[in-house]
Amino acid sequence: MPVPDGIGDHEALALLTQGTVAVGLLDVARVEKGESVLVEAAAGGVGSLLVQLAARAGARVVAGVRGEREAELVRSLGADETVDLERDEWEFGPVQAVFESIGGQVTRKALERLEPVVGRMVLYGNVSGVPHEIDSGLLYRRALSVLAFATALMPPERIARCASGRSTWPRAAS
């Protein structure tokens, strides 16, 4: 792939790999214009791209952060609201989609913020190393969906489609 002038090889590779994951996640979650989404670890590589892509698609973005420095960054990327993932109470919601990358009780708290029937969570990481806390009873009672995403398991043609931006997911609001 050609690399635009002014972008180093390291940055181009990071954007290609993390961008492919972000586009693939949005494809799987089927985020639509007007929906609200929670992006955990929103200041990270994939998270910051998810914030920008979801906002550009017309979604309302709640960005999960740790501290005011990260909050400022994600607001500059298009987040509508931030939530400190380390606080006990989360004062937002409901959301229609969650991009789950942390694990542990963050997973449980995020599931509780999902809108019944239409709510879906996409698991794509576990930076805490603690197993995801998923209450199957909550899933049944609220008719929620939990999906897992792994770029390494995608067929090559789908990876190429996501890397080129030819995903089935709409990249810009109409």
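On a 0 to 90 degree scale, rounded to 10, what angle separates helix 104-113 from the longest Cα axis of the chain?
The angle comes out near 80 degrees.
Please give the helix 45-56 orientation as an angle from the longest Cα principal axis of the chain, in degrees from 0 to 90, rounded to the nearest 10.
90 degrees
Relative to the longest principal Cα axis of the chain, at what angle does helix 9-29 sit, 0 to 90 degrees, rounded to 10?
That works out to roughly 40 degrees.
Test of understanding: what is the full-extension gain from V130 to K33, defined as 0.36 nm times their sequence separation minus their Cα-Cα distance?
Net length gain for the segment: 31.6 nm.
Kindly report, to the nearest 10 Å², the accessible surface of L147 as traced by a 1.4 Å probe over protein heavy atoms only.
70 Å²
What number do you get for the chain when its Cα radius of gyration is normalised by 2.2 N^0.38 Å, N = residues? Show your work: numbers first, answer last.
On the way: Rg = 15.7 Å, N = 174, 2.2 N^0.38 = 15.6 Å.
The chain yields a ratio of 1.00.
List every residue whose amide H lies under 5 Å from the amide H of E35, counting only residues 5 or more places away in sequence or on a different chain, with H placed 1.01 Å from N in the peptide plane.
R60
Before anything else, pin down the relative contact order of the chain: Cα pairs under 8 Å, at least 6 apart, normalised by residue count, whole percent.
RCO, the chain: 23 percent.
Sort D88, D27, D5, D80 by accessible area with a 1.4 Å probe, largest first.
D5, D88, D80, D27
If I compute solvent accessible area with a 1.4 Å probe over the protein chains, what percent of it on the chain is carbon and sulfur?
Details: 4770 of 9070 Å².
Summing carbon and sulfur atoms, their accessible area is 53 percent of the total for the chain.
Calculate, for the chain, the solvent-accessible area per residue in square angstrom, rolling a 1.4 angstrom probe over the heavy atoms of the protein chains.
52 Å²
Taking R0 as 30 Å, what's the FRET efficiency between D88 and A148 from their Cβ-Cβ distance, rounded to 0.05?
Numbers: r = 27 Å, r/R0 = 0.91.
So, using R0 = 30 Å, E works out to roughly 0.65.
The values are calculated or read from the model by the stated rules, or taken from the named source; none is laboratory data. Values in this document were obtained by computation on a predicted structure and should not be read as measured data. Cβ atoms come from the backbone with ideal geometry, glycine included; neighbour counts cover every protein chain shown. To get the accessible areas, we keep the full protein, side chains included, count just its heavy atoms, and leave off ligands, DNA and RNA. Shrake-Rupley method; radii C 1.70, N 1.55, O 1.52, S 1.80 Å.
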